[in-house]
Amino acid sequence: MSRAITFSEYGAPDVLRLTEVTPPEPGPGQVRIRVRAASVNPLDMKIRSGRMAAVAPVQFPAVPGLDAAGVVDAVGAGAQAAVGDEVLGRTLGGSYSEYALLDLPVAKPESLPWEVAASLVTVGQTAHRVLGQLGVQSGQTLLVHGAGGSVGFIAVQLAVARGITVVATVGRHDTERVTALGATAVRYGEGWVQRVTAVTPQGIDAVFDASGAGVLADSVALAGDAGRVITIADPAAAQHGVRFSDGSADRTQESLPELVRLAAAGKLSLPIWRTYPLAEAARAQADLEAHRNHGKAVLLP
């Protein structure tokens with residue numbers, strides 16, 4: 001037997017329980033890892049609370065979590081990794097556990113810390129995917145809302161590296177660290193449109209909304225076309241003619257090896273705010289829901 005966090009009903013963080021479970025067995029093409037780190041993502045809370053029940057119902061009891069990094073300890077036929085390999089990826093059946101399954105494992109470089117490896121998966125792929133969907137090019141100007149969050153933070157770095165001029169809306173605590181990435185940081189909140197306009201006489205070519213803070217109408221006006229705006233966080237997207245990018249059909253992970261290489265080479269950073277033992281998963285989720293974090297929260301089973 002092994003330990004995992006499970007929940008058997010929708011609700012607040014206290015529905016999460018540390019329980020004994022039978023370790024999953026890898027099927028064809030799958031590997032089982034001994035989890036060294038599991039990322040806590042905002043989507044985990046949406047699923048646990050029931051807010052996603054209409055589109056992604058949970059079969060109880062369920063193990064939460066999407067992303068993990070660990071050491072392969074069992075493999076199925078045709079698996080793309082061997083026992084003893086250090087890997088990371090999107091899990092099948094949950095990541096808040098001592099053991100988890102991966103079907104698309106990506107090798108973890110020795111220089112990449114476990115907590116960063118686990119945290120790169122969903123947020124990194126989301127940032128990479130949306131930049132591709134926007135089609136923003138070198139020499140153009142991109143506005144990123146929510147650049148202090150993990151997805152926005154990575155999007156800024158990827159865009160700057162591609163020669164894109166980046167303007168980012170942030171909170172007071174994130175201004176300095178986002179500016180250090182090469183972006184022009186402006187405070188979000190009332191008056192943000194005027195502050196963005198003041199620093200972009202050339203105009204805005206595209207907008208990436210990672211905040212969900214009700215900025216879509218003004219963002220469309222700035223970009224001049226709803227097709228130049230994408231959100232990953234605002235459920236009102238359709239009301240503004242804006243695309244909502246959720247990655248629900250994205251299981252390819254094609255961008256993940258590139259993101260891993262950049263992070264291992266020190267060319268992509270992802271701040272880790274705090275680590276928690278597996279038993280404190282409920283506290284980790286509660287901290288994120290209360291917006292106490294400034295960076296990623298990670299479970300260390």
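Okay, residues lined up against (1) surrounded by fewer than 17 Cβ atoms within 10 Å (Cβ to Cβ); (2) under 25 Å from ASP218 (Cα atoms); (3) of a type outside the set (Asp, Glu):
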site	(1), (2), (3)
GLY93	yes, no, yes
LEU102	no, no, yes
VAL136	no, yes, yes
GLY139	yes, yes, yes
SER150	no, yes, yes
ALA168	no, yes, yes
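Could you pull out the residue among ALA183, ALA159, ALA117, ALA155 that is crowded, with 22+ Cβ neighbours inside 10 Å, over 19 Å from ASN293 (Cβ atoms) and either of a type in the set (Ser, Thr, Tyr) or within 17 Å of the chain's Cα centre (by Cα) (or both)?
Numbers: ALA183 fails: either of a type in the set (Ser, Thr, Tyr) or within 17 Å of the chain's Cα centre (by Cα) (or both); ALA117 fails: over 19 Å from ASN293 (Cβ atoms); ALA155 fails: over 19 Å from ASN293 (Cβ atoms).
Just a single option satisfies the conditions, and that option is ALA159.
Conditions (1) among the β-branched types (Val, Ile, Thr); (2) in contact with a Gly (Cβ under 9 Å, 6 or more places away or on another chain), marked per residue:
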{"position": "THR19", "(1), (2)": "yes, no"}
{"position": "GLY29", "(1), (2)": "no, yes"}
{"position": "LYS46", "(1), (2)": "no, no"}
{"position": "VAL63", "(1), (2)": "yes, yes"}
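If I ask for residues that are in contact (Cβ under 8 Å) with a residue 12 or more places away in the chain, touching a helix residue (DSSP H, G or I) at 6+ places or on another chain (Cβ under 8 Å) and farther than 12 Å from LEU299 by Cβ, which ones from the range 35-55 would you list?
Those that are in contact (Cβ under 8 Å) with a residue 12 or more places away in the chain, touching a helix residue (DSSP H, G or I) at 6+ places or on another chain (Cβ under 8 Å) and farther than 12 Å from LEU299 by Cβ: PRO42, LEU43, MET45, ARG48.
Take the range 53-105 and flag every residue that is aliphatic (A, V, I, L, M), out of contact with any Phe, Trp or Tyr (no Cβ under 9 Å at 6 or more places or on another chain) and farther than 17 Å from ASN41 by Cβ.
ALA54, VAL71, VAL72, VAL75, ALA77, ALA79, ALA81, ALA82, VAL83, VAL87, LEU101, LEU104
Which residues, counting only those in the range 280-301, are in a loop (DSSP other than H, G, I, E, B) and of a type in the set (S, T, N, Q)?
Passing the criteria: only ASN293.
Yes/no matrix, rows are residues, columns are (1) out of contact with any helix residue (DSSP H, G or I) (no Cβ under 7 Å at 6 or more places or on another chain); (2) more than 19 Å from VAL123 (Cα to Cα); (3) not in a strand (DSSP E or B):
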{"residue": "PRO28", "(1), (2), (3)": "yes, yes, yes"}
{"residue": "ILE33", "(1), (2), (3)": "yes, yes, no"}
{"residue": "GLN59", "(1), (2), (3)": "yes, yes, yes"}
{"residue": "SER95", "(1), (2), (3)": "yes, no, yes"}
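Between LEU300, LEU216, which is touching a helix residue (DSSP H, G or I) at 6+ places or on another chain (Cβ under 8 Å), surrounded by fewer than 16 Cβ atoms within 10 Å (Cβ to Cβ) and touching a residue at least 24 places away in the same chain (Cβ under 8 Å)?
When all the criteria are applied, what remains is LEU300.
Which of the residues belonging to the range 3-14 are closer than 14 Å to VAL63 by Cβ and surrounded by 15 or more Cβ atoms within 10 Å (Cβ to Cβ)?
Here is the first cut: in the range 3-14, the residues closer than 14 Å to VAL63 by Cβ are 3-8.
Once the filter is applied, which keeps residues that are closer than 14 Å to VAL63 by Cβ and surrounded by 15 or more Cβ atoms within 10 Å (Cβ to Cβ), the range 3-14 yields ARG3, ALA4, ILE5, THR6, PHE7.
For the subset of the range 97-134 comprising residues that are touching a helix residue (DSSP H, G or I) at 6+ places or on another chain (Cβ under 9 Å) and in a strand (DSSP E or B), which member is farthest from ALA226 (Cα to Cα)?
The extreme case among them is SER97.
Could you check PRO42 against (1) surrounded by fewer than 17 Cβ atoms within 10 Å (Cβ to Cβ); (2) at pLDDT below 95 and say which number it fails?
All conditions are met except number (1).
The values are calculated or read from the model by the stated rules, or taken from the named source; none is laboratory data. Computed from a predicted model, the values in this text were never measured in an experiment. Heads up, the Cβs are rebuilt from the backbone with ideal geometry, glycines too, and the neighbour counts pull from every protein chain shown.
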